[in-house]
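Accompanying notes for the structure given below.
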Amino acid sequence: PGYISRSITMASEAVAVLLLVFLSGSTFGIKLEGNGYTDVLIAINPVVPENPLLIERIKEMMCNASSVLFTATEDKFYFEEITILVPPNWSQGGYGRTKTETYEKAKIIINEENRAYGDQPYTLQYGQCGSESRYIHLTTKFILDDELIKLYGPRGKVLVHEWAHLRWGVYDEFDDGQPFYKGAHSDIQATRCSLELDGKIVNRINHTNCTHIDPNNKIYPQDCVFLADSEQWENTASLMSYPSLHKVTRFCSKKTHNSEAPNAQNRMCDNRDVMDVIFTSSVDAKANVQPLKGPHPAPRFTVMQRGQRVVCLVLDVSGSMRGSRILQQQQAASLFLTTIVEDHSYVGIVTFTKDAKTFKPLTVIHGEESRTQLVRYLPSEANGGTDICKGLKNGFEELRKDNGNTMGDEIILLTDGESELNCASEVKESGAIVNTIALGPSANKELKMLSEISGNGILNGTVSVDHTIGNKTTFLVLHESQSPEDIEIKSPSGQIYDFIDFQHSSISKMHSLVIQGTAETGDWTYAIKNTLSDQYITITITSCAVSDAIPPVTVKAHMSQQSIDGSKPMLVYAEVNQKGVPVILADVMATLKSDSGDQYQLELLDNGAGADAFRNDGIYSRYFTTSKNGRYNLKVKVQRKNKGKNNGQVRLKRHSVAPYVPGYVIQGKVVMNPPKPPVSEDDLQADVGSFTRTAIGESFSVSLPPRVPPPNFPPNKITDLNAEIEEDKVMLTWTAPGEDMDQGTGTVPNLFKSICITSRAGQV
């Protein structure tokens with residue numbers, strides 16, 4: 001489902017944190033143990049039909065990739081342990097039960113073709129040079145159809161090309177947007193690495209040698225293409241340029257790197273070669289791995305499957321939860337039970353003080369009545385001491401009642417955290433996923449807290465329901481003490497829903513309105529009047545996809561890292577897309593708030609400058625610099641108003657992909673490949689209309705060393721400097737950075753050390 005959420009609060013509240021836990025998944029941690037990669041999770045999307053051959057082909061690809069990886073890294077790295085996660089509805093394999101593996105945690109996903117990329121393999125990459133990327137995307141057709149090997153190369157080599165994007169944060173050394181450039185000696189070169197790669201530049205249509213030069217840019221026109229010779233020197237580089245060639249088995253090194261080529265690797269990595277980034281800047285650089293003596297072992301595979309979702313709410317009812325905290329816990333749990341948890345899931349409720357007990361055994365969700373019944377069992381009173389570990393142990397006991405174990409089950413722990421935690425080993429051994437929601441300013445530092453504070457009076461605003469969502473649209477109003485005097489919801493057509501249309505709960509202090517059928521598309525307005533008491537009030541609006549055939553616009557928010565010591569800035573990211581197709585020209589605002597109340601607002605940009613790696617790719621980014629310690633939470637709001645036909649369209653923008661091979665030169669003859677299967681431009685140019693989304697990212701911490709002055713960051717690197725000759729002038733264009741990275745306003749003298757222009761005659 002695609003959720004829209006609007007939270008306006010007047011005190012500490014837990015609902016937004018709950019959305020963090022259930023709408024945002026963390027990445028699964030690949031480990032390097034010795035020379036081998038373990039915990040490599042490959043997940044097959046639930047839409048993929050069951051096919052045992054697919055599993056065998058995945059294993060074959062990874063075995064081949066392990067050998068390619070070993071050679072390319074000079075005998076240092078290989079794949080050791082790989083888990084393949086199959087969909088829950090597959091039934092023929094007798095698969096093992098998952099522990100904490102989920103589809104959202106996978107770093108390699110297998111799916112049907114992507115609207116933006118078709119069957120072309122790609123990596124979702126938008127971080128800085130040397131930073132890990134989000135995931136590799138492969139399609140079932142790429143895995144099963146050998147005809148695609150002609151277009152992209154052997155699967156194992158393609159996987160290693162994408163792995164370099166994913167693990168080490170290196171970039172492509174080809175460039176479809178700028179396939180040719182004029183070299184230092186005024187010769188025209190194909191954009192590639194290394195220059196030792198031989199081939200011909202021919203016309204795409206008649207396959208004759210290209211001789212025509214574009215009079216504007218003095219290089220070959222777009223109807224020319226570079227075709228590599230199928231026979232190259234042994235151990236030629238680079239896998240980031242031409243992984244399809246049989247004798248290309250290496251990455252570019254200092255000796256072979258083409259620093260002149262106008263490609264992403266040079267632009268993002270300051271003209272450094274791939275091997276330098278891998279062994280000095282990537283996540284594996286500190287391991288200082290030495291070459292393995294002898295051959296590498298074959299990868300070990302485990303095929304697993306998630307079972308039915310089984311969840312236990314473990315709720316703190318100790319004395320420190322009295323007052324607003326127990327109410328916030330009740331409201332957060334109610335939201336989860338009534339709106340978020342899926343039908344056919346099992347849910348139980350455990351409470352704890354110094355002891356623990358089961359309030360409600362595992363109950364299957366099979367409609368509104370079962371949800372309402374569970375809500376009635378939520379505790380409303382608090383008293384006594386606190387022992388979190390006893391609550392967790394009782395929760396594990398309840399989870400075992402469905403099948404005798406806790407593997408892959410979930411606990412949602414809601415607590416103020418005022419207790420020692422001495423059961424970490426038992427949590428790890430359980431194999432269960434434990435999500436923690438911390439309430440109150442005294443929470444244990446191991447827990448996470450989200451706190452929002454504002455004023456009181458009349459709350460009003462607008463939320464847009466777009467054509468991709470509208471089912472089960474719910475307006476949920478929560479308050480602390482006295483009920484609001486009035487609530488009014490107005491549909492785009494003018495229909496009014498007021499206080500009497502809501503369902504009310506005096507115990508949990510909730511008012512809910514469910515719009516029947518599919519909600520109208522357009523702007524919905526709300527107004528909540530509260531002048532009787534000083535209290536917090538929140539409104540949360542959720543809506544699900546209108547149908548399986550129409551993918552909703554979704555947003556994911558996260559930070560570049562979970563902790564920082566001030567030595568370098570963090571980056572804020574928001575991914576906005578519609579089933580993999582980027583949504584551009586949206587207004588994206590990030591709010592970062594510390595546990596001490598400090599708040600920062602950043603407009604995230606998709607302009608290809610500063611923190612943003614690529615323009616118009618649907619990834620909105622910004623640097624975050626602060627000198628104030630604390631634990632911070634991240635909330636991102638995305639809005640788009642239908643101001644014009646082209647505002648907010650989804651557009652095609654490809655990068656970090658497996659290069660399509662148009663053809664080869666074989667024994668001096670040009671042999672063209674079939675054209676790359678087209679991607680429907682109609683789908684990619686569809687107007688997504690007005691929409692509103694809110695996403696919550698994981699919390700993060702800032703901890704500057706004591707007695708160390710706050711960091712002073714320079715302006716961010718300019719990555720889009722362009723020079724064009726206009727008669728007797730050289731026109732320079734670039735996106736201006738800030739005074740501190742991309743914050744504030746920088747001045748030209750601070751941005752350039754020097755600008756040197758040399759004429760063809762050598763005059764400087």
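Note on region 126-202: Kirkwood hydrodynamic radius from all Cα pairs is 14.8 Å, rounded to one decimal.
At a probe radius of 1.4 angstrom, the accessible area of region 21-139 per residue rounds to 35 square angstrom.
Binning all Cα-Cα separations of region 323-374 at 10 Å, short to long from zero, yields these whole-percent fractions: 23, 50, 24, 2. Amide H to amide H distances under 5 Å link GLU739 with GLY744, THR745, GLY746, where only residues 5 or more positions off or on other chains count and H is placed in the peptide plane. From the P(r) of the chain, can you give the percent of Cα pairs sitting at distances over 38 Å? Roughly 44 percent, once rounded to a whole number.
Here region 256-367 yields Rg over Rh of 1.31, to two decimals, using C-alpha coordinates and the Kirkwood radius.
Spin-label pair THR71-ASN403: with each label point 7 Å from Cα along the Cα-Cβ axis, the two points sit 4.1 nm from one another.
Taking the protein heavy atoms of region 219-287 in the context of the full set of protein chains, the accessible area attributed to carbon and sulfur is 49 percent at 1.4 Å. Site pair THR211 and GLU727 shows an inter-label distance of 3.5 nm when each label is modelled 7 Å from Cα along Cα→Cβ. This model, with +1 at the C-beta of Lys and Arg and -1 at the C-beta of Asp and Glu, gives the chain a dipole about its Cα centre of some 740 debye.
Computed FRET efficiency, Cβ-Cβ of THR358 and SER506, R0 22 Å: what is it to the nearest 0.05? The value I calculate is 0.25. Here the convex hull built on the C-alpha positions of region 564-643 has a volume of 102 cubic angstrom per residue.
Once the chain from ARG309 to ASP223 is taken as fully extended at 0.36 nm per residue, the excess over their C-alpha distance is 25.6 nm.
Model label sites at ILE550 and LEU195, defined 7 Å from Cα along the beta-carbon direction, differ in position by 5.5 nm.
Dividing the summed -39500 (n - 2.57) terms of all DSSP H runs of n ≥ 4 by the residue count of the chain sets its mean residue ellipticity at 222 nm at -4000 deg cm²/dmol. Pairwise inverse Cα distances across region 501-567, averaged and inverted, put the Kirkwood hydrodynamic radius at 16.8 Å.
Taking every full run of DSSP H in the chain, the ones that stretch at least 15 Å from end to end by Cα along their long axis and average 0.5 or higher on the Kyte-Doolittle scale are 52-72. With 17 Å as the cut-off, how large is the P(r) tail for region 532-586, expressed as percent of Cα-Cα pairs? When all Cα pairs of region 532-586 are counted, 64 percent exceed 17 Å. A convex hull fitted around the alpha carbon atoms of region 159-239 yields 132 Å³ per residue. State to the nearest 20 debye the size of the charge dipole of region 67-190 about its Cα centre, where the only charges are +1 on K and R beta carbons and -1 on D and E beta carbons. That gives region 67-190 a dipole magnitude of about 380 debye. Once the Cβ-Cβ distance of GLU56 and LYS529 is raised to the sixth power relative to R0 = 56 Å, the FRET efficiency obtained is 0.30. Between the amide H of VAL583 and those of VAL576, ASN577, GLN578, distances stay under 5 Å, these residues lying 5 or more places away or on another chain, with hydrogens modeled in the peptide plane. Volume per residue for region 498-613 equals 204 cubic angstrom (convex hull of Cα atoms). Net length available on complete extension from ASN607 to LYS293 is 108.3 nm, with 0.36 nm assigned per residue and the Cα-Cα distance removed. Taking every DSSP beta bridge that has both ends in the chain, the antiparallel portion is near 70%. When peptides 615-622, 366-373, 266-273, 597-604 are sorted by average Cβ neighbour count within 10 Å, with the highest value leading, the order is 615-622, 266-273, 597-604, 366-373.
Between the listed residues HIS296, ALA332, PHE279, the Cα displaced farthest toward the positive end of the dipole of region 210-359, a dipole computed from Cβ unit charges relative to the Cα centre, is found at ALA332.
Once the chain from TYR377 to GLU485 is taken as fully extended at 0.36 nm per residue, the excess over their C-alpha distance is 36.1 nm.
The values are calculated or read from the model by the stated rules, or taken from the named source; none is laboratory data. These numbers were taken from a predicted model, which means no experiment stands behind them. Note: ideal-geometry Cβ built from the backbone for every residue, glycine included; neighbour counts use all protein chains shown. All accessible areas refer to the heavy atoms of the entire protein, side chains included, with ligands and DNA or RNA removed. Shrake-Rupley method; radii C 1.70, N 1.55, O 1.52, S 1.80 Å.
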